[in-house]
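Shown next, in structure tokens, is the structure this report addresses.
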Amino acid sequence: MPTRNPAWTDDELLLAGALVVQNGWHELRTGDREVQELSELLRALPFQTPEALALPGYRSPDSVSRKTSDFASNHPAYQGKPTRCGAPTLRMIAALTKREAEMLQAAQILRNGIDSGELHLIPPQPDETDDIGTTGVEGRLLRRWALFRERDPKLRKLKIQKVQRSGQVLQCEVCSFNFADAYGSLGEDYIEVHHATPLHISGTRETKLDDLACLCANCHRMCHRSHSGESWRTPEALRAMIRRSTPDTPHAASASAS
């Protein structure tokens, strides 16, 4: 049984930070209705463990109020002395400051997924966190949801059929890797799919085939890899990163030609 409350996750920080933004970057008090409701919501997140929930004060209204103070007092415009908080909170403050509309929409989608019960039905995905167990500022649960949608076998099959019927070569849209060329019959008709627009921007609307991009496993992983606070990037952005980092390698040359 842990004796200290676990650190706040990106999902929890997103929800708490959104509450502060909606309150004009001012802290909220323990007795505020919004704080009481957020406390209940945080304790209902799918990854919460019985051990954590049994700890005194775990994500209580008091703890939520203190976290809103961290957000408010560490905002660049705050004139007083900031509270001490960790790097994840500061990273979330930066994201909310620079990408306010996008992050507020992500928080609302997360709330909707919890309220509807839909997120509780989605099983954990093997790569919803990176190698050291962290996610981007959009949070683990939205990443789980996005990966689950991308692994829908029906959508993947329809996307592959559309590419083949159009006469295009079934290859990675970033680096042009072709599974059939590399592995023969084993690689025929194989490719992974990636949502060209992330869940926290597109919302939970029905996925269209034009929303999907065909990627090799390496490029797909890099599109989702948590880096500098972000856990999602477009195929176009990844192509640009390849050209900048390795301009003279065959991989970069194929990426620029695709």
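From its DSSP helices (H runs of at least four residues, each -39,500 (n - 2.57)), the chain gives a residue-normalised ellipticity at 222 nm of -15000 deg cm²/dmol. What FRET efficiency would be calculated for the residue pair residue 97, residue 185, taking the C-beta separation as r and a Förster radius of 41 Å, to the nearest 0.05? Result of the calculation: an efficiency of 0.20. Heavy-atom accessible surface of residue 232, to the nearest 10 Å², is about 50 Å², with a 1.4 Å probe and all protein chains retained. At the residue level, residue 210 shows approximately 120 square angstrom of accessible surface with a 1.4 angstrom probe and all protein chains present.
Here P(r) over Cα pairs in 10 Å bins from 0, in percent was computed from the coordinates, and among [x] 7, 32, 39, 20, 2, 0; [y] 6, 21, 25, 23, 18, 7, 1, 0; [z] 7, 27, 31, 19, 12, 5, 0 the match is [z]. Rounded to the nearest 20, the Cβ-based charge dipole of the stretch 47-128 about its Cα centre (Lys and Arg +1, Asp and Glu -1) stands at 500 debye.
Surface composition of the chain: carbon plus sulfur atoms contribute 52% of the solvent-accessible area (1.4 Å probe, protein chains only, all chains present).
Counting only Cβ charges, +1 for Lys and Arg and -1 for Asp and Glu, the dipole size of the stretch 131-181 around its Cα centre is about 380 debye. Between the listed residues 101, 22, 72, the Cα displaced farthest toward the positive end of the dipole of the stretch 1-142, a dipole computed from Cβ unit charges relative to the Cα centre, is found at 72. With the Kirkwood sum run over all distinct C-alpha pairs, the stretch 72-197 has a hydrodynamic radius of 18.0 Å.
About its Cα centre, the dipole of the chain is roughly 240 debye, where the only charges are +1 on Lys and Arg Cβ and -1 on Asp and Glu Cβ. Peptides 134-144, 77-87, 38-48 ranked from most to least packed by the mean count of surrounding Cβ atoms within 10 Å: 134-144, 38-48, 77-87.
With a/c under 1.5 counting as rounded, go ahead and sort the stretch 130-202 into rounded, prolate or oblate using the C-alpha gyration tensor (a ≥ b ≥ c being the square roots of the eigenvalues; past the cut-off, prolate if a/b is larger than b/c, else oblate). Prolate. In this view, the solvent-accessible surface of residue 114, computed with a 1.4 Å probe and all protein chains in place, comes to about 20 Å². The angle separating the long axis of helix 10-22 from the principal Cα axis of greatest extent in the chain is about 60 degrees.
Pairing the Cα long axis of helix 87-98 with the longest principal axis of the chain, what angle in degrees results, from 0 to 90 and rounded to the nearest 10? For helix 87-98, the angle is close to 70 degrees.
Close amide-amide hydrogen proximity is noted between residue 215 and 173, 192, 193, 194, each under 5 Å apart and 5 or more residues distant or on a separate chain (H modeled in the peptide plane; Pro and chain starts excluded).
The values are calculated or read from the model by the stated rules, or taken from the named source; none is laboratory data. Note that the structure is predicted; figures quoted are calculated from it, not measured. Glycine gets a Cβ as well: all are built from the backbone with ideal geometry, and neighbour counts include every protein chain shown. Quick note on the areas: whole protein, heavy atoms, side chains included, nothing else; ligands and nucleic acids left out. Shrake-Rupley method; radii C 1.70, N 1.55, O 1.52, S 1.80 Å.
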